[in-house]
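Worksheet: one structure, shown below.
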Ligand code: BJW
C-alpha cells in the first residue's frame, strides 16, 4: 500500500501539496449585465488597485494556503509559516520552503499574471499588491514599480541573528544547499508496510539522498506526501549566513506575527492616500490575512467599486455590496477575459 502511494507521489511537473489542485479550472459564463457594467467602469478607471492571493497562481499548479491543498506532510501550510515553527524545527520549515522554491521555479506564469502585467503597462496608475511569494508575476514581466510584494519572496533570504543585517535578493539556486535537494525515486526497494526493521526505508532513503546512479535516473518524489521519507537534516547542513558565519539563513517571507516590509507599506499607503480609487480587483484570495485584507475596505472608502475573482462563492461574495462584481471561476481564465477591453487579446 505504501509502495502504491509512493509511486503515485512522483512529481510530474504539476506541483501540488496533496495533488488536489485542478490543472484546468472551470469557465463560468459571465452574465452579460455584469460584463457590460464592468467593462464600462474599467474603461473609465484610471486609479486601480489589485490585491492578489494564492488563487492567482492556482492554475499554474501551485497550491493555495487554506483548504485541502494547503497541507504539507500533514502540517497545515499556515502553521509552518511562523517564526515559532522555524525556531522549533528549522530543518522541517526549510524543507517546506525549499520544496516550494523548487515548485515555483518549475511552474510558469498563467494568463492571469500576464493580463495583470499588461494592464499595468496600459494604466500607469494601476498598482498590484500581491501576497504571493512565488515570483510568477515578476516572471510575467509585471512592471516592478507597479508591483508590491506584501509577504516577501521565496527567493530572498536573510540572517536570523539579531545583530546581523545580511540579506540577499533573488537567490534562485535550487536547491539552495545540497541537503535540501528533493529526493528522487530509485530502483532500490521503496519501504513497504512489511518492512518491520526499517531496512528498506533506510536503503531507499540513502539511495535517494546520496544521488547514486539509480536515483539519478528516477524522478523527484513528492515530499509533500508524509508517506515519502525525507532525510533528517542537521542545522550545519542548512543555509548558513556568509557574513556573520554564526546565524542560519531563513526565507525572506513574512510569517504570522511579523511586520510587513516598511518601505512597501509606505509606498502602498502613499498611493492609497493620494486620491480616490476607481476600481479594486480582489483576485484569488480568501482576504482573511491582515493587514493585506484591509486594503479592500480602504479602497472602498476612497470610492472604489470592487470586483472579486474567486473560485469559491463563499470566499468571493463575503462583504460584497450592490455596486460590486463577483466573477466566479479561475483567475487565469477570467482576468484576460474581463480585462480585454483595455488590454486586448493577450493570447494573440
Ligand atoms: C482561486 C483559485 C483560482 C483558489 N482562481 N481563485 C485577528 C484580527 C486581525 C488580524 C489578526 C488577528 N489575529 C492575528 C492577526 C494578524 C495576522 C492575521 O491576519 N491573521 C489572520 C489569520 C487572522 N497577520 C499577521 O500576523 C501579519 N502581520 C502583522 O499583523 O504584523 C503586525 C506587526 C506590526 C508591527 C510589528 C510586528 C508585527 C503577517 C501576515 C503574514 C502572512 N503570511 C503568509 C505566509 C507568507 C509566506 C509563505 O508564502 O509561506 O502569507 S500566511 C498565508 O496567507 C500567506 C498568504 O499570502 C496569505 C493569504 O492567503 P491567500 O493568498 O488569500 O490564500 P488562501 O489559501 O487563504 O486563499 C486562496 C483563495 O483563492 C481562496 O479564496 C480560493 O477560493 C481562491 N482560489 N483557486 C481564483 N484558480
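Only the coordinates and a few stated rules stand behind these numbers; no lab work does. No experiment lies behind these values; they were computed from the predicted model shown. Neighbour counts are summed over all protein chains in view; Cβ atoms, including those assigned to glycine, are modelled from backbone coordinates with ideal geometry.
Can you name the residue in segment 297-339 that is more than 16 Å from the ligand (Cβ to nearest atom), part of a helix (DSSP H, G or I) and free of Cβ contacts under 8 Å to residues at least 24 places away in the same chain and is also surrounded by the most Cβ atoms within 10 Å (Cβ to Cβ) among such residues? Filtering segment 297-339 for residues that are more than 16 Å from the ligand (Cβ to nearest atom), part of a helix (DSSP H, G or I) and free of Cβ contacts under 8 Å to residues at least 24 places away in the same chain, the one surrounded by the most Cβ atoms within 10 Å (Cβ to Cβ) comes out as 300.
Might you check whether a residue that is within 16 Å of the ligand (Cβ to nearest atom), on the phi < 0 side of the Ramachandran plot, part of a loop (DSSP other than H, G, I, E, B) and free of Cβ contacts under 8 Å to residues at least 60 places away in the same chain occurs anywhere in segment 280-290?
Yes, because at least one residue in segment 280-290 is within 16 Å of the ligand (Cβ to nearest atom), on the phi < 0 side of the Ramachandran plot, part of a loop (DSSP other than H, G, I, E, B) and free of Cβ contacts under 8 Å to residues at least 60 places away in the same chain.
Does segment 245-286 hold any residues that are within 18 Å of residue 49 (Cα to Cα) and touching a helix residue (DSSP H, G or I) at 6+ places or on another chain (Cβ under 6 Å), and which are they? Result: 272, 277, 280, 282, 283, 284, 286.
A count restricted to segment 221-278 and to residues that are surrounded by fewer than 20 Cβ atoms within 10 Å (Cβ to Cβ), part of a helix (DSSP H, G or I) and within 16 Å of the ligand (Cβ to nearest atom) stands at 6. None of 67, 53 is within 12 Å of the ligand (Cβ to nearest atom) and closer than 22 Å to residue 297 by Cα except 53.
When 87, 118 are checked against the criterion of being surrounded by fewer than 18 Cβ atoms within 10 Å (Cβ to Cβ) and either more than 9 Å from the ligand (Cβ to nearest atom) or not in a loop (DSSP other than H, G, I, E, B) (or both), a single residue qualifies: 87. The set of residues in segment 124-145 being in contact with a helix residue (DSSP H, G or I) (Cβ under 7 Å, 6 or more places away or on another chain) and part of a loop (DSSP other than H, G, I, E, B) consists of 132, 134, 135, 140, 141, 142, 143. For segment 220-272, enumerate the residues that are over 23 Å from the mean Cα position of the chain (by Cα), more than 25 Å from residue 87 (Cβ to Cβ) and touching a residue at least 60 places away in the same chain (Cβ under 8 Å). The answer is 227, 271, 272. Starting from residues that are touching a residue at least 24 places away in the same chain (Cβ under 8 Å) and touching a helix residue (DSSP H, G or I) at 6+ places or on another chain (Cβ under 6 Å), keep the ones in segment 66-84 and report whichever is farthest from residue 117 (Cα to Cα). The extreme case among them is 72.
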